[in-house]
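Here the structure comes first, spelled out in structure tokens, and everything after it is commentary.
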Amino acid sequence: ETGVTQTPRHLVMGMTNKKSLKCEQHLGHNAMYWYKQSAKKPLELMFVYSLEERVENNSVPSRFSPECPNSSHLFLHLHTLQPEDSALYLCASSQEAWGTDTQYFGPGTRLTVL
Amino acid sequence: AQSVTQLGSHVSVSEGALVLLRCNYSSSVPPYLFWYVQYPNQGLQLLLKYTSAATLVKGINGFEAEFKKSETSFHLTKPSAHMSDAAEYFCAVSVLTGGGNKLTFGTGTQLKVEL
């Protein structure tokens, strides 16, 4: 695998389910990000991690819980979601969290909440 | 706070014609500016970025963008469109904060290329 990978690519869940999104980067980067992409809206930054430490939580509801066990892996744990949470969730990584380093994106997980 | 405005959510050009996608930014400090492209069912791919060096930035696939401070613009151009350029294009501005390198994206422009 190369670049940034995300699993699953598609996920359908009920409002009472608990699921997790996984992101893995094979680039040796130190920073990882979660973004939400909804139709007709700009990409929204959700979380930023630098060397496994969360450095930004962009006012995201607590039903989204990130986890970064090491610099290569990032998870987004989901529970009791709402239909408006349906979106494409993108993971990205960059060499460092500070600076002008390019962010490299994964293909995303298309989430549908019923 | 920084922001990005992309004029035109949909742009249609003929194959071989000039591509011009508009981006205006707002930032209280010198910005870093990016253009990303997203093909269907894929993540975002960097086309080019401006980091205060040359104002004319050349990217991949024949695209380029010019930073104009007086106009607060960073428009994306390509002299001759190809069918494979059909995708969604996002302009983004980055300003360093205590929370790291935060990218703020525009709403995107869908480019359609017609025969």
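The values are calculated or read from the model by the stated rules, or taken from the named source; none is laboratory data. Just so we're clear, the structure is a prediction, and the values are computed from it rather than from any experiment. Ideal geometry is used to build each Cβ from the backbone, glycine not excepted, and the neighbour counts take in all protein chains shown. Accessible surface is based on the protein model in full, side chains and every heavy atom, while ligands, DNA and RNA are left aside. Shrake-Rupley method; radii C 1.70, N 1.55, O 1.52, S 1.80 Å.
Laid out as a table, the results:
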{"item": "At 1.306 mPa s and 10 °C, Stokes D of segment B:18-115 from Kirkwood alpha-carbon radius, µm² per second", "result": "115 µm²/s"}
{"item": "Inter-probe distance in nm under a simple model that places probes 7 Å from Cα toward Cβ, at B:Gln45 and A:Trp98", "result": "3.3 nm"}
{"item": "Accessible surface, per residue, of chain B when the full set of protein chains is kept, probe 1.4 Å, Å²", "result": "46 Å²"}
{"item": "Largest-first principal axis extents of the Cα set of the protein assembly as shown (Å)", "result": "50, 39, 33"}
{"item": "Rounded percent of accessible protein surface that carbon and sulfur make up, segment B:1-69, 1.4 Å probe", "result": "51 percent"}
{"item": "Cα centroid separation, segment A:53-114 to segment B:1-74 (Å)", "result": "24 Å"}
{"item": "Rg/Rh (Cα only; Kirkwood hydrodynamic radius) as it applies to segment A:1-106", "result": "0.95"}
{"item": "Size of segment B:47-96 as Cα extents on the principal axes (Å, biggest first)", "result": "34, 20, 18"}
{"item": "For the protein assembly as shown, share of DSSP beta bridges that run antiparallel, in % to the nearest 5", "result": "90 percent"}
{"item": "The protein assembly as shown - Cys residues lacking any other Cys C-beta under 4.7 Å", "result": "A:Cys68"}
{"item": "Additional length obtainable on full extension of the chain from A:Asn70 to A:Thr16, 0.36 nm per residue less Cα span", "result": "16.6 nm"}
{"item": "Between A and B, accessible area buried - total, square angstrom, nearest 100, 1.4 angstrom probe", "result": "1800 Å²"}
{"item": "Spatial extent of segment A:26-83: Rg and Dmax, with the Cα atoms as the point set, Å", "result": "12.1, 35"}
